[in-house]
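Heads up: the structure comes next, in structure tokens.
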Amino acid sequence: MIAKCSTTQKLVRLRRITRPSILKPMEGESHFLQVMVAMERSTFYIEVAAAVSVYNTYTYSVPENMISLVVPGMRVLVPFGKRRITGYVLGNCDQKQMSSVKKILDVKRIKKVLDVLDDEPLFPESMVPFFRWIADYYMHPIGEVIMCALPGGMNHYDISILTITRKGELVIRGRHGNPLEKGILDVVEKKPGPIKDIRRVMKEDIPDALIHRMIKKGWLVKEKIFKSGRTGPMMIKYAALTESVKISDPTDVKLTDKRRKIIDLLRDVDGYSLKELKESANTSYSVIKSLSDAGCISITSKKVYRDPFGETVEPDKPLVLTIDQKKVFSHVTDMLGKGFNTFLLAGVTGSGKTEVYLQLSAEVIKRGKPVLILVPEIALISQIERSFRARFGKRVAVLHSGLSAGERYDQWKRIMRKEAVIAIGARSAIFAPFSNTGIIIVDEEHDPSYKQDGRLRYNARDLAVVRAKFDNGVALLGSATPSVQSYYNAVSNKFIELNLNKRVEERPLPEISIVDLRRTRDLRGIRRFISEELSEAMRVTLENKKQVLLFLNRRGFAGFPVCGTCGESLKCKNCDITLTLHKGINAYKCHYCGYMRPSVSGCKVCGSSSIKNLGMGTEKIEAAVKALFPEARTARMDRDTTVRKGSMIRILKSLKNNEIDILIGTQMVAKGHDFPNITLVGIVCADFSLNFPDFRAGERTFQLLAQVSGRAGRGDVPGRVILQTYNPNHFSILSAKDQDFRVFYNREIGFRKALKYPPFSRIIQLKISGPDKGRTANSARKLGELCRSLLNEKEDFVKTIEILGPIEASILRVANMFRWQILLKGLNVKSIQNYIHRLVLENPSFFKSREIKVAVDVDPFFMM
């Protein structure tokens, strides 16, 4: 194993160029090179991305008996240091620039591949440049990029397990060893495991040197255990008649009634799964096995796909497009097959964007190309997936985190085997293993859910444009409220703007009226947050047998519990955040770390049991609505009610079937849903997102309000929206009322330009976190000094990059981790990318520390 491809191969290739028909050593060559030339005849080198946190790729040799089995996109088992791990084959080393001549001796250290783990590639070779781009742009190891892209639970690797010896057991019960050593031995005695598990159980930062000392003393033993991936194909046992029994009944086997029934059932079909056969014949497995033992039936295992779809859907036919839809369709189809292009489709809510997506997909498939469709939420996948299955049947695959590991694996394989030509999913579906996609559609492109906020911090919307460029295809970004970034790209002619300015069938946009909550701030009870205007509109809507949607982007019952005696708020013990009362579970809960306290808890400062549950959430609104309209069928949709698999789909299905009169929800209900019977939308409080310490707060508020307003009046009856706010004159609120994103954009873009915020700059956030407050603060300050020192090394950096911080995060402590941040603001993309590469790669001690974590977030969305 070496970190680049072998120089010897480069030299041999040069020789082939100069003397292609001669493989004898040239005059003056060293004996070493002669040996290398001989090795070249029988040795095959591949470039491998290791599934660990390293930025380099590595060269391995492939044993002769495996050469025909290794293809780019497969996994291989490789030695890595003292471990065995999974690696991903990126290609033959002959395809890469070889290392310099002075590294020729590295060839002696190249290690051999131990095993090939797949019988077919997991991703096409055409995706390798895409993975390299992601690793480079987001400063993430390429092996982990690929691991993040693939279905989970597939990797094989060694882990080191600590076990206690007899000598160690005596230490626990004797006088030897200090308290920390005895604590470690006690934990290992109860449950052997890797050192990271022992650190977690003991909540101690145990030095590696201490563990090595205990091993040297003979108290502990380190053993290596090989762990295989837990995800793979599903195998089902099938029974079928043997050839002789197909012709006539066996003469040497006694056929009981149960055996006769099994044989008769199998004569009618090619084979039954054992489960189906047992149910159909009303028999046991032992009876089936007895027929197998007698040679009457054969039992074999077959690979089958797990079905993630559930119920079937009725096929449908394409609708007749409106004039505006036809224009959009023609613009995009004219560009298909003519190279890379990005379109921004700005279509008002209810304008029929989905039908345009369907007909564009049919055109792309007709031209022999696959289609990739991204939606921001799993809740929206079921809706759009049903539309596409009705049109394209079994050619559709789905990819999202709501699937089990096995279901996701099967869907991935269907795409890779070209059994599915359309993939629909949330942000992770951007990695669907298509070769050369024809079109990538990003629905609700403005949605922040496309940004991944852990591990590989990518933005799927941005990657859709990048992947379309690599595939020489088309990217289509659609939204009723385009992001400032995307609309700026359209104004700058980087994207092609398309518009759908009218709803289908000439349906009007909903009428929006604003209610000033400052008038009711001194009222008590329900009327403080459900105004008379909203209450009366709900009454009329219910009388007309229509549905009501109430939106509040805060879950729970009360978000600000305070002590009525001393005024102290009830805070999480692990985070610097106030707890939220959840009456459904009778507990105060932290929305950041999950910590809970019983709802009968008193004040921890003065001990008083007089707790005032101030603030509001969806639970409180639900209770108030049930009190106001006891006859109405009321439901709530937020993270608390959609924890179980399928619960969200059941709520949406009940809404569609008119089994719900009033639905109360968070932002889950705001995105893309189409329910024609909803004629009233009530926005209980429009201001929560407006007050976030984030330069995008106004943009998110406008988008959220405009989107939820768009749920009203999508059927034959015009819709109405009542928007309650404490800031009725804020331009985000007024723009949402007028449903005009261009008015909002023209105002917002001026602020962004003046402050040099995106899209006029690029931001990289360095997130520093650690369990010790003082050490974390010191590390943040030292990293800040490093940042400024590097900034002053190049005039280009000084002119184009601004450093903000280090500063404490808005919420300093989350899950007992203290958090700081540094913002790097760059006016030139190339310059800031060069800067962050140097910062990370030249200071590995800062970015690889076990105690203080430093995460690099390129183009961050969540600044808290």
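The values are calculated or read from the model by the stated rules, or taken from the named source; none is laboratory data. None of these values were measured; they are calculated from a predicted model. Methodologically, a virtual Cβ is constructed for each residue, glycine included, from the backbone with ideal geometry; neighbour enumeration extends over all protein chains shown. These accessible areas exclude ligands, DNA and RNA; they are computed on the full protein's heavy atoms, side chains included. Shrake-Rupley method; radii C 1.70, N 1.55, O 1.52, S 1.80 Å.
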For this session: Give me the distance in nm between label points sitting 7 Å out from Cα along the Cα-to-Cβ direction at residue 92 and residue 109, one decimal.
Result: 2.7 nm
Exercise. If you take the square roots of the eigenvalues of the alpha-carbon gyration tensor of the chain and sort them as a ≥ b ≥ c, do you get rounded (a/c under 1.5), prolate (a/b over b/c) or oblate?
Worked result: rounded
For this session: Report the label-to-label distance for residue 841 and residue 716 in nanometres (one decimal), using points 7 Å from each Cα along the Cα→Cβ vector.
Result: 6.6 nm
Seminar exercise, completed: The ³J(HN,Hα) series, computed from each phi in segment 160-172 with the Karplus coefficients 6.51, -1.76 and 1.60 at θ = phi - 60°, rounded to the nearest Hz and given as x for glycine or proline, is 8, 10, 8, 10, 8, 9, 4, 5, x, 4, 5, 4, 4
Exercise. Given H placed on each backbone N at 1.01 Å, which residues far from residue 74 in sequence or on other chains put an amide H within less than 5 Å of it?
Worked result: 89, 122
For this session: Please say if segment 555-648 is rounded, prolate or oblate, where rounded means a/c under 1.5 for a ≥ b ≥ c the square roots of the C-alpha gyration tensor eigenvalues, and otherwise the choice is prolate for a/b larger than b/c and oblate otherwise?
Result: oblate
Exercise. Of 645/853; 82/848; 112/196; 494/671; 353/656, which pairs sit farther than 23 Å apart, going by alpha carbon to alpha carbon?
Worked result: 645/853; 112/196; 494/671
Problem set entry | Mean Cα-pair separation over length for the chain, i.e. relative contact order, pairs under 8 Å, 6 or more apart, % | 9 percent
For this session: Using a Förster distance of 22 angstrom, determine the FRET efficiency expected from the C-beta separation of residue 697 and residue 568, and round it to 0.05.
Result: 0.20
For this session: Take the Cβ-Cβ distance between residue 167 and residue 773 as r, set R0 to 35 Å, and report the resulting FRET efficiency rounded to the nearest 0.05.
Result: 0.35
For this session: Compute the length gained on full extension between residue 319 and residue 208: take 0.36 nm times their separation in residues and subtract their Cα-Cα distance, giving the result in nm to one decimal.
Result: 33.3 nm
Problem set entry | Alpha-carbon centroid distance for the pair segment 707-753 / segment 531-578, whole angstrom | 22 Å
Problem set entry | Length added when fully stretched, residue 260-residue 600, from 0.36 nm per residue minus Cα-Cα | 115.8 nm
Exercise. Karplus couplings for segment 135-141 from phi (6.51 cos²θ - 1.76 cosθ + 1.60, θ = phi - 60°), rounded to Hz, Gly and Pro as x?
Worked result: 4, 6, 6, 8, 6, 9, x
Exercise. With point charges of +1 on the Cβ of Lys and Arg and -1 on the Cβ of Asp and Glu, referenced to the Cα centre of the chain, which listed residue (847, 221, 137) lies farthest in the positive direction of the dipole?
Worked result: 221
Exercise. What is the set of long-range amide H partners of residue 297 at a cut-off below 5 Å, with H atoms built 1.01 Å from backbone N?
Worked result: 242, 292
For this session: Output the pairs from 546/626; 246/278; 191/224; 589/653; 275/303; 111/191 with a Cα-Cα distance over 25 Å in this structure; if there are none, say none.
Result: 589/653; 111/191
Seminar exercise, completed: For residue 458, the residues 5 or more places away or on another chain with a placed amide H closer than 5 Å to its own amide H are 452
Problem set entry | Computed FRET value (nearest 0.05) for residue 792 with residue 71, which takes r as the C-beta separation and R₀ as 35 Å | 0.15
Problem set entry | Label zone at residue 544 (point 7 Å along Cα-to-Cβ), backbone N below 12 Å, segment 640-684 | 677-681
Problem set entry | Surface share of carbon and sulfur [accessible, 1.4 angstrom probe, percent] for segment 560-689 | 50 percent
For this session: Taking the Cα centre of segment 282-398 as origin, sum charge times position over the Cβ atoms of Lys and Arg (+1) and Asp and Glu (-1), and report the length of that vector in debye to the nearest 20.
Result: 420 debye
